[in-house]
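The values are calculated or read from the model by the stated rules, or taken from the named source; none is laboratory data. From a predicted model like this one, the values you see are computed outputs, not experimental measurements. For neighbour counting, all protein chains shown are included, and Cβ atoms are generated from backbone atoms with ideal geometry for every residue, glycine included. With ligands, DNA and RNA removed, areas are computed over all heavy atoms of the protein, side chains included. Shrake-Rupley method; radii C 1.70, N 1.55, O 1.52, S 1.80 Å.
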Amino acid sequence: MLTFPAVSLRFLSVWRRNLRVWRKLMLPSIMGNFGEPLLYLLALGYGFGQLVGDIGELPYMVFLASGIICSSAMNTSSFEALYSAYTRMTVQRTWGAMLDAPLNVDDVALGEISWAATKALISSTAILVVASLLGLVGGWQAVLVLPVILLTGFCFGACAMVVTAVSRSYDFFLYYFTLVMTPMLLLSGVFFPLDQLPPLIAQGAFLLPLAHAVEVVRPLMLGGAPTNAGLHLGVIAAYGLVAFTLATAILRRRLMS
Amino acid sequence: MHRARHGVMGETQTGALAVEARGLWKRYGSMDVVRGVDLDVRAGECFGLLGPNGAGKTTTLRMLLGQTPPSSGELHVLGHPVPREARLARNRIGVVPQMDNLDPDFTVRENLLTYASYFGLRGDQLARRVDRLLEFANLDGRTQAQIQALSGGMKRRLSLARALINEPALVVLDEPSTGLDPQARQHIWQRLNMLVEQGRTLILTTHYMEEAERLCDRLAIIDNGTIIACDSPRNLVAAHIEPHVFELRGHGIGEWEHRGGTMAGRAERVGDTLLLYTHAPEPLLQALGADPNQRYWHRPAGLEDVFLKLTGRELRD
């Protein structure tokens, strides 16, 4: 039975709990947030960039930076809502303690997904800073990328939470990576433009949320305005809401029966 | 057990019920785990749920907390219909779970502060309450310790302190002393007695008869999902078991089984032990005294005798 999540502001206490833990290891965590995308940008950007040249009018590095902002949001958020959330649900039984307090499953799920979105925002902010320092950003509009990333992070956090909700072990996550995340990463216009692909596959990519995020983020990074922004954001939001509803329904059955 | 009841907390007046359950039923697939439990837990008492593994104790507790909906039946906890208003009920309940689930990402003190935030508690008043609870749990010297560095007894004490962070009217404890050494267990018992004296209601599950006898004002023996007896420990013993028990071991018990049985009134053979139950111990004492080869132990009847009589002696796995 699929009932809508009953959310309350109590989810913030779950979010704050995760923030407090993150703050303990803030420094190495932020260094990772800066280091990894920098490495990607430099290695792929310079390495491939020399071979690829420009894409349309864009230097490859510029093209890649806007793609990596989106894929990093996806990865960061998914990892948090898969491995970290699953650990708190099972091994550490942190959720069990929360459910003994006046929190319910929907609060906990929303708190975890919001935290996953927050981590996506942190990592993408780091990339945005790196990209602007490297001169890969076209205008002030790039700041608008951040709310888009928050939404994208929520969307992928919610999708990952569905997987977490049905998992019986960490191994199960590999199916999600292999069957969903990796194809999405490669076929959503992060590393190369979608028009390089056969039309059917290129259109198929828009069935999944990452391609929509890239469509909105890339023009913003260049200082322009995205076309059909409402449609793209709508798809991302719809994925997030449907996944959130599904995740809470499965989690309620798993934890409250 | 006599207890001075003073400073009764808020709504929990004498005579009020902390928990009222009628016809509580829980079905998982084709398994009926709890089958028609009626339960009245009075405000301010320590109430025990006693039963073998799989009897339905933990499921009953989960229903009380609104963590699993009953398949049928009526349930009120602290005046709130549960599960409908479970969140409001849990606001005033403290829970000590069977397996410690302290937050390993935080220190001792941070655990209390973080748990308080789940109740929406914060501020100076909370800081003072946390200090008081750390003292209550004898952990005031370990406030900055990591959870992994605590002993089992310390963890349980911290779990108890954590359960009190919201000044609960009702504290629910699932096997509070399982796995603790005698010192740690005594400490927990003292603390639980203090909580009852403060006017809080306690519900605990346990396998330990001694624990139930010492702590509980009343207890329910639960087996196969139903309550088969419910009263004070003393009344249960008086109602179900003769006051004197003789335990005989050794080669001679075959001989004593008949003779002792006639003298005592009731005899029971369990493996290589013969149990004789009686109201009048004198004749047996004399007869056994006259048989120097027969080893025996004379003891008062206890809750364990009641428990085994009512739930049987087969192993439960």
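Just to be sure I understand the filter: pairs with C-beta atoms under 7 Å, separated by 6 or more residues or on different chains, first member in region B:62-87 and touching a residue at least 40 places away in the same chain (Cβ under 8 Å) and at positive phi, second member surrounded by fewer than 16 Cβ atoms within 10 Å (Cβ to Cβ) and not acidic (D, E). Which pairs pass? Every condition considered, the pairs that remain are B:G73/B:R22; B:G73/B:G23.
Only residues that are touching a His at 6+ places or on another chain (Cβ under 9 Å) and open to solvent by 30 Å² or more (accessible area, probe 1.4 Å) were counted in region A:205-225, giving 2.
Among the residues making up region B:256-269, a single one is closer than 16 Å to B:Q294 by Cα and loosely packed, with under 13 Cβ neighbours inside 10 Å: B:H258.
Might you check whether a residue that is under 19 Å from the mean Cα position of the chain (by Cα), at pLDDT below 90, open to solvent by 50 Å² or more (accessible area, probe 1.4 Å) and not assigned by TED's automatic domain parsing to the domain that holds B:T59 occurs anywhere in region B:307-317? Yes. Summed over region B:25-49, the residues that are surrounded by 23 or more Cβ atoms within 10 Å (Cβ to Cβ) and within 14 Å of another protein chain (Cβ to nearest Cβ) give a count of 2. Within the set A:P5, A:P59, A:P37, A:P28, the sole residue that is closer than 24 Å to B:N91 by Cβ and away from every other protein chain (no Cβ under 11 Å) turns out to be A:P5.
Within region B:231-245, one or more residues are closer than 30 Å to B:S71 by Cα and surrounded by fewer than 19 Cβ atoms within 10 Å (Cβ to Cβ).
Here is the figure for region B:50-91: residues that are under 13 Å from B:L24 (Cα atoms) and either within 12 Å of chain A (Cβ to nearest Cβ) or in contact with a His (Cβ under 6 Å, 6 or more places away or on another chain) (or both) total 11. The condition of being touching a Phe, Trp or Tyr at 6+ places or on another chain (Cβ under 8 Å) and open to solvent by 20 Å² or more (accessible area, probe 1.4 Å) holds for only one of A:C159, A:C155, that being A:C159. It is to be established whether one or more residues within region B:216-224 are in contact with a Cys (Cβ under 9 Å, 6 or more places away or on another chain), assigned by TED's automatic domain parsing to the domain that holds B:L61 and either assigned to a helix (DSSP H, G or I) or surrounded by fewer than 20 Cβ atoms within 10 Å (Cβ to Cβ) (or both). Yes.
Only one entry in B:A163, B:A169 is within 23 Å of B:V196 (Cβ to Cβ) and touching a Lys or Arg at 6+ places or on another chain (Cβ under 7 Å), namely B:A169.
The C-beta contact set for region A:80-109 (first residue within 7 Å of chain B (Cβ to nearest Cβ), second residue of a type in the set (S, T, Y), distance under 6 angstrom, 6+ apart or interchain) comprises A:M98/B:Y118; A:A101/B:Y118; A:L103/B:Y118.
Hey, among the residues in region B:108-125 that are open to solvent by 10 Å² or more (accessible area, probe 1.4 Å) and of a type in the set (S, T, N, Q), which one's nearest to the other protein chains (Cβ to nearest Cβ)? It comes out as B:S117.
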